[in-house]
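*Asks:* First, the structure itself, so that you have it in front of you.
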Amino acid sequence: MESLYKDRDVRRFIRAGGFFAVCMLITGAFLYYVHMEDIKSLYLQQQAEAAGALLQAGIEPVEAARILGGEIRAEMAEEGRQLMHSAGYEEPLSIRLIPPLRKIGFRWGLCFLIFGGLISLSSGGITYRLLAGQHKKLYEMEQSVRRFMEGDFEQRIPAEDEGDFALLSTAVNEMASSLNAHREAQKKAKDFLQDTITNISHQLKTPLAALFMYQDIIRQDPGEEETVKKFAAKSVKALERMQTLILNLLKMARLDADMIVFRRQNVKVRELLEDIKAELETRAEKEKKEIILTGDETSRMLCDRDWMQEAVSNLVKNALDHTKEGGRVEISWEETGVGMRVQVEDNGSGIHPEDMYSIFKRFYRSRFSNDREGAGLGLPLTKAIVEGHGGTVGVDSVPGQGSVFTLFFPDNR
């Protein structure tokens, strides 16, 4: 009932009905007063006629006045009724046969008929006004919903101030916003899938074409041992690139689909980073580059060891890709008062300012980079893993001097 009263139209209806009821009460009281005045006039007229009849019967005026104004006893009333009965006046007698009553009855019957008609018409008008307003609102809501279903996804129901229609319009608008957001998300997912497929096909096209070319060369000149060794090595390299690309795509897909549950454990940071150094040290030595570890021996962090190794090793590989012979890659870690910070710093070519806000996008390839082998998945994969652990990843770089990637994990020991 309280929520119903909050509706603006219902309040107007109640106010109009209350005002109308007060007016009807005042009008009814006035009609009642006038009606009683008519009855009083009729009564006085009958008394006057009775007084005249007494005077014509030879009764003295004083005695006639005493009779009219005196107390009428029960036996007198009974004698009077018998006299009236003998004259033909009985209770079953129709009002129409009594001229004074017929006149007053007709007049007041007409008055009360008009009064009742006004009450009915006014009540019906007020009710119709309310129902018409409610119908109009429902029609507008229905049209808004229909336009939304026909493709006007920005269509919303006009908001009401309060009441049940306000609750209904708010709920429908929230549902429309939710459906619109879901539609936008589906569109983005579809666009992303389309772009991903396009990028995958583009990334795989080059190594596949190279493999076919290498195999043709080997097949055409199978007796040349040097040629076979050279292009067999190139084939292996192309296959390794394809394997890395496919594995990274599968990892990204699993992360996007929330199929990965990070199994966190208390890990010694140095041991984790030493495994990464051991994995990449052969490559670093071959390229005459150095990997350095710096940090507290006892530091620990809560993480999924395999996935965290994947995240940091991607940063180290990226650093090796962008440093020249004799370059240095330093992995450092430090426990702060609010969490664990891990940094991968190199003295390589750095990142161009134009690329700073795009390097974590999938398949992004800088036009300033000399690296033509990468697929643009390593850094996005690192970002997804770090954020999956509740951490953040950032980068600072000076072109020509190197880059520093910083991973920060809030205190979760």
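The values are calculated or read from the model by the stated rules, or taken from the named source; none is laboratory data. All of these numbers come straight from a predicted model, not from anything done at the bench. With ideal geometry, Cβ positions are generated from the backbone for all residues, glycine too; neighbour counts draw on all protein chains shown. What goes into the accessible areas is simple: the full protein's heavy atoms, side chains included, and nothing from ligands, DNA or RNA. Shrake-Rupley method; radii C 1.70, N 1.55, O 1.52, S 1.80 Å.
*Asks:* Under 8 Å between Cβ atoms, at least 6 apart or on separate chains: pull out the pairs that start in the range 277-289 with a residue that is over 13 Å from residue 324 (Cβ atoms) and without any contact (Cβ under 8 Å) to a residue 12 or more places away in the chain and end on any residue that is open to solvent by less than 100 Å² (accessible area, probe 1.4 Å) and not in a helix (DSSP H, G or I).
*Replies:* 281/291
*Asks:* A further question on this structure: Take the range 254-276 and flag every residue that is of a type in the set (A, V, I, L, M), touching a residue at least 40 places away in the same chain (Cβ under 8 Å) and either in a helix (DSSP H, G or I) or open to solvent by 80 Å² or more (accessible area, probe 1.4 Å) (or both).
*Replies:* Across the range 254-276, the qualifying residues are 255, 269, 272, 273, 276.
*Asks:* Hey, can you tell me all the residues within the range 338-357 that are surrounded by 14 or more Cβ atoms within 10 Å (Cβ to Cβ) and within 23 Å of residue 191 (Cβ to Cβ)?
*Replies:* 355
*Asks:* Can I ask one more? Looking at the range 282-324, which of its residues are more than 20 Å from residue 404 (Cβ to Cβ), assigned to a loop (DSSP other than H, G, I, E, B), touching a strand residue (DSSP E or B) at 6+ places or on another chain (Cβ under 9 Å) and open to solvent by 40 Å² or more (accessible area, probe 1.4 Å)?
*Replies:* 297, 298
*Asks:* Please list, ordered by first then second residue, the pairs with beta carbon atoms under 7 Å, 6 or more apart or interchain, first in the range 351-365 and touching a residue at least 60 places away in the same chain (Cβ under 8 Å), second surrounded by 15 or more Cβ atoms within 10 Å (Cβ to Cβ) and outside any loop (DSSP other than H, G, I, E, B).
*Replies:* Note: pairs meeting the criteria are 362/380; 363/199.
*Asks:* Let me ask something else about it. Pull up the range 196-240, narrow it to residues that are polar (S, T, N, Q) and farther than 19 Å from residue 363 by Cβ, then point me to the one that is modelled with the lowest pLDDT. It would help to see each step written out before you state the result.
*Replies:* First, the residues of the range 196-240 that are polar (S, T, N, Q): 196, 198-199, 201, 203, 206, 215, 220, 227, 235.
Checking the rest, the ones that are also farther than 19 Å from residue 363 by Cβ come to 215, 220, 227, 235.
Numbers: 215: 81, 220: 79, 227: 76, 235: 82.
So, considering only residues that are polar (S, T, N, Q) and farther than 19 Å from residue 363 by Cβ, the one modelled with the lowest pLDDT is 227.
*Asks:* Determine whether residue 174 is open to solvent by 90 Å² or more (accessible area, probe 1.4 Å) and either modelled with pLDDT under 70 or assigned to a helix (DSSP H, G or I) (or both).
*Replies:* yes
*Asks:* Consider only pairs whose beta carbons are under 7 Å apart and that are at least six residues apart or on different chains; among these, list those whose first residue lies in the range 331-342 and is under 14 Å from residue 298 (Cα atoms) and whose second residue is open to solvent by 70 Å² or more (accessible area, probe 1.4 Å) and in a loop (DSSP other than H, G, I, E, B).
*Replies:* 335/296
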